[in-house]
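One structure below.
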Amino acid sequence: MFEILLDATVRAGTPILFATLGAIINERAGIINLGIEGLMLIGALAGFAATQASGSLLLGVLAAFVAAMLAGSIHGFITVQLRGNQIVSGLALTMFGIGITALFGRSMVGLTIAGFERVAIPGLSKLPVIGKPFFNQDLLIYFSFLLVVVISLFFYRPRWGLALRTVGENPAAADTCGVPVILARFMAVTIGSGIVGIGGAYLSLATTPMWIENMTAGRGWIAVALVIFASWSSYRALAGAYLFGGITAMQLRFQAMGTTVSVHILQMMPYFFTILVLVISTIRLQKGASQQPENLGQPYDREDRK
Amino acid sequence: MHMTDLLQIQNIRKTFPGVVALDDVSLSIAPGEIHTLLGENGAGKSTLMNVLTGLYRPDRGELLFDGSPVHFSSPRDSLNIGIGMVHQHFMLVPAHTVFENILLALDGVANFFSRRKYKVKIQQVLDQFELDLDLDTPVWKLSIGAQQWIELIKLLVRDCRLLILDEPTAVLTPQESARLFQVLTRLRDQGKSVLFISHKMREVMEISDRVTVLKKGCSLVTLPRGEYDENRLASLMIGEDQIPMWIKPACKYEELALEIKNLSVRNDRGLADLDKFSMKLYRGQILGVAGVAGNGQKALAEVLTGLKEASSGRILAKGKDITNSTAKSSYIAGIAHIPEDRKSIGIAPDMTVDDNLIMKNFNSRAFRRWIFQDRAAIRKNATAKIDQFAIKAGPDGNPIRYLSGGNIQKVIIARELSEKPSVLVALYPTRGLDIGSAEYVHKVVIDGANQGMSTILISEDLDELLKLSDEIVVMFRGRLVGCVNPQTTTREEIGLLMSGEVQR
Ligand SMILES: Nc1ncnc2c1ncn2[C@@H]1O[C@H](COP(=O)(O)OP(=O)(O)OP(=O)(O)O)[C@@H](O)[C@H]1O
Ligand SMILES: [Mg+2]
């Protein structure tokens, strides 16, 4: 019973995990990206369409990454090169994503593909309790584990990671150390957006291998919020995403058991609890030193005085 | 001579919207010299330095490095040919550790570097300068003086041929400055060039091989050592403007303005910033507080202005207990504050100079009509203050962050003193001010004292303390370790007290 719940938790949390990781990369470089919801949709549709056409899931994931990266580069160009308003540009990206996927997705509705299948990792999947939920999953989930570790290592080990964090904290300091601030920010936005796209593709290639209009159902917004809960750390993003996943799994379970509580109320629960946790964690965050990159949301202009 | 110059700056011009920061600047820097740039606040010194490091792109003019023209499109280009700089405003990441801040400035670090190797390497540099810094502390926890050292280290770990230092000594103690000068002289003897900016005449006289005076965006003259003295430089810089004269009245010690009894304040780390500190301040008195920065001066100022809470002890203003009142109610009790950290607590950077000038009394009837702002009155107030304090404020409606460091300081002083406060708590009020402005601030403080304002003057500049104070107290590790009479004391005596070696 617990194993099954945990398994559902991981599967429901993964799309949000990818999206949160992508958003963290954006924000570490100092760029707020409210286009996550749109990017997820673009990733979901691109992934589905590519797999549908080619029959290859790998190509589907790649297509999702590239499509979301291209869409994200619009946000990057507007906010980094043109120093536009990050909030407005991000909101526009979400609306763009919703619109364009509804338009091009129309012909995809009703089609099916063979989605990701479980691949048991020999040995590890035999572990008690955590064996099945974590190590008898599909490849994208294993990839998400890897990504959590790699992103954290990237921020704290190589010089590039330090440069990227400095760009988000104090771009002028990075600039005077010879770090190409504009390039670093643009790269962070595009690559981060690509990872968000994979989160969307998880929905259309693994969760439910089909395309449904607006299938992200607000998960992108949860990811935006989870970045703060995770205080810009990829490990905490994992915890946050699985929190959401866990409550989703539980409410599905309740539905299956056939309670009298309205389905709508149950479906609301994951969002409700995530917001609740966020509020509590933000209050705690304000008491201690905030982890928020100091120049988050601020455009960088070399000749402007700060 | 010209062929051998390391850097030639030719007819540089740089404008910002509504401001000509540099009009026409030419000067040259020889290899192996310490070249000082002198000029009033807002003369364009920092702007010129930023042009030299590729941060600003000049509108016109040429730079020749080693005889060949160079064009910088980013600071990276200037770093690559060997120009490094310490900026007037810190270029540090407060949330990062000392190690991370320095590492990013290091040259030739592999992408996957060995933490241990570079820790040892950076630690060696710190040891070389006798700096007691833990590499793993985040920078925000450090005093401003320590942060300045990190900036210096960031420059010194690089192998630069030209080192530019924009007012590095503004926040250093005289001892620390002396240590910096030893390093700079040694670098000069190795054939490196140093371009140095300071408003402290004593230092300029001590260290410079040549001095260039900058005035209103133009280079006036370059003089080699021996052809200038303090007076000559001052008159070149300020021109015909007169240094204001003043006479200091003796304090009468009649009416008690403020009394502090056994005050203790703990900092974020739970250590005592102020430790059973007691003192008395009389009406019209100027009480000098000497001490090496970081010995509780900031805590003293913050607790007096309501920014920090005392953990024990009492503060009495005219006999009224104000110990734990908020900033607002202590303001009502009439305390003005010139903070140490201008940019973060002294001003609202994005707001205009006009608005920053009325920030303390925006609600006063003088600046509003019913519930609306009276823009005309606010503007009039600003023009008066700008004129009175000779603030280079740029075009109307200029956000204050565009102003030069010294001019921001003048705005704060003008605002704080405008309400005729009964008590002024001033931390390093003339730090970063040119000599003319510093004199003017002294005059304002003395004028205030004449009218009954009491001043707590926290400063590291012994000349300033000796000149202005009725009495000087010395702080060490949050305690009052001595109290001397400026008429009879010596610099040596204060120095000994500051080092904590003796008590009086
Ligand atoms: N980025 C900018 N945008 C707008 N105006 C600027 C900018 N940088 C400098 N200025 C203006 O250029 C003038 C010269 O400023 P600068 O900082 O070079 O003076 P400074 O000589 O360094 O003075 P200080 O001794 O006070 O540091 C000032 O009037 C300032 O307001
Ligand atoms: Mg300057």
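The values are calculated or read from the model by the stated rules, or taken from the named source; none is laboratory data. As the structure is a prediction and not an experimental result, all values here were calculated from the model. Note that we place each Cβ from the backbone using ideal geometry, even for glycine, and neighbour counts take in every protein chain shown.
When B:Leu126, B:Leu135, B:Leu79, B:Leu48 are checked against the criterion of being surrounded by 20 or more Cβ atoms within 10 Å (Cβ to Cβ) and touching a helix residue (DSSP H, G or I) at 6+ places or on another chain (Cβ under 9 Å), B:Leu79 stands alone in meeting it. The residue that is modelled with the highest pLDDT, among those in the stretch A:207-248 that are surrounded by 22 or more Cβ atoms within 10 Å (Cβ to Cβ), over 15 Å from A:Leu278 (Cβ atoms) and more than 12 Å from the chain's Cα centre (by Cα), is A:Trp211.
Could you check the stretch B:95-120 and list, in sequence order, the residues that are free of Cβ contacts under 8 Å to residues at least 12 places away in the same chain and more than 9 Å from every other protein chain (Cβ to nearest Cβ)? Residues satisfying the conditions are B:Gly108, B:Ser114, B:Arg116, B:Lys117, B:Val120. Residues that are of a type outside the set (Gly, Ala, Ser), touching a residue at least 12 places away in the same chain (Cβ under 8 Å) and within 16 Å of ligand 2 (Cβ to nearest atom) are absent from the stretch B:59-76 altogether.
Table: residues versus (1) of a type in the set (Val, Ile, Thr); (2) at pLDDT below 95.
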| site | (1), (2) |
| --- | --- |
| A:Ile74 | yes, no |
| A:Phe134 | no, yes |
| A:Tyr142 | no, no |
| A:Ser152 | no, no |
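Considering only the stretch A:206-237, state which residues are closer than 17 Å to A:Pro270 by Cα and without any contact (Cβ under 8 Å) to a residue 24 or more places away in the chain. The one that is closer than 17 Å to A:Pro270 by Cα and without any contact (Cβ under 8 Å) to a residue 24 or more places away in the chain: A:Ala217. Among the residues of the stretch B:407-427, not a single one is within 11 Å of ligand 1 (Cβ to nearest atom), among the charged types (D, E, K, R) and either within 14 Å of another protein chain (Cβ to nearest Cβ) or not in a helix (DSSP H, G or I) (or both).
Scanning the stretch B:75-88 for residues that are within 8 Å of chain A (Cβ to nearest Cβ) and assigned to a loop (DSSP other than H, G, I, E, B) returns a single hit, B:His87. Among the numbered criteria (1) within 12 Å of ligand 1 (Cβ to nearest atom); (2) at pLDDT 95 or above, which single criterion is violated by B:Asn101? It fails just one condition, (1). Of the set (1) part of a helix (DSSP H, G or I); (2) closer than 30 Å to B:Ala299 by Cβ; (3) over 19 Å from the mean Cα position of the chain (by Cα), all apply to B:Val125 but (2). Of the strands (runs of 3 or more DSSP E) entirely within the stretch B:432-490, those holding at least 2 residues that are at pLDDT 90 or above and of a type outside the set (A, V, I, L, M) occupy B:454-458.
One line per residue, one yes/no per condition, for (1) free of Cβ contacts under 8 Å to residues at least 24 places away in the same chain; (2) within 14 Å of chain B (Cβ to nearest Cβ); (3) crowded, with 23+ Cβ neighbours inside 10 Å:
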| residue | (1), (2), (3) |
| --- | --- |
| A:Gly131 | yes, no, no |
| A:Pro158 | yes, yes, no |
| A:Ile195 | no, no, yes |
| A:Gly199 | no, no, yes |
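Restricting to the stretch B:372-395, name every residue that is outside any helix (DSSP H, G or I) and either touching a helix residue (DSSP H, G or I) at 6+ places or on another chain (Cβ under 8 Å) or acidic (Asp, Glu) (or both). Those that are outside any helix (DSSP H, G or I) and either touching a helix residue (DSSP H, G or I) at 6+ places or on another chain (Cβ under 8 Å) or acidic (Asp, Glu) (or both): B:Gln373, B:Asp374, B:Phe389, B:Ala390, B:Ile391, B:Lys392, B:Ala393, B:Gly394. For the stretch B:43-57, the set of residues classified as more than 12 Å from chain A (Cβ to nearest Cβ) and either among the aromatic types (Phe, Trp, Tyr) or assigned to a loop (DSSP other than H, G, I, E, B) (or both) consists of B:Ala43, B:Gly44, listed by residue number. Counting only residues that are under 20 Å from B:Ser208 (Cβ atoms) and near ligand 1 (Cβ under 8 Å from one of its atoms), the stretch B:37-48 holds 8 of them.
In this structure, is B:Phe196 within 16 Å of ligand 2 (Cβ to nearest atom) and either among the hydrophobic types (A, V, I, L, M, F, W, C) or over 30 Å from A:Glu169 (Cα atoms) (or both)? Yes, satisfied.
Yes or no, residue by residue, for (1) over 22 Å from A:Gly35 (Cα atoms); (2) within 16 Å of ligand 2 (Cβ to nearest atom); (3) at pLDDT below 90:
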| position | (1), (2), (3) |
| --- | --- |
| A:His264 | yes, no, yes |
| A:Phe273 | yes, no, yes |
| A:Ser281 | yes, no, yes |
| A:Gly288 | yes, no, yes |
| A:Pro293 | no, no, no |
| A:Glu303 | yes, yes, yes |
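In this structure, is A:Phe272 surrounded by fewer than 17 Cβ atoms within 10 Å (Cβ to Cβ) and over 30 Å from B:Asn398 (Cα atoms)? Answer is yes for this residue.
Of all residues in the stretch B:364-393, those satisfying the criterion of being buried (at least 22 other Cβ atoms within 10 Å of the Cβ) and more than 18 Å from B:Glu439 (Cβ to Cβ) are B:Ala382, B:Ala393.
Filtered by the rule that a residue be crowded, with 24+ Cβ neighbours inside 10 Å and not in a strand (DSSP E or B), the stretch B:1-40 gives a lone residue, B:Glu40.
Considered as a group, the residues in the stretch B:163-193 that are within 16 Å of ligand 2 (Cβ to nearest atom) and within 14 Å of chain A (Cβ to nearest Cβ) include one that is farthest from the chain's Cα centre (by Cα), and that residue is B:Ile164.
The sole residue among B:Leu27, B:Leu48, B:Leu55 that is touching a Ser or Thr at 6+ places or on another chain (Cβ under 8 Å), assigned by TED's automatic domain parsing to the domain that holds B:Gln182 and within 16 Å of ligand 2 (Cβ to nearest atom) is B:Leu55.
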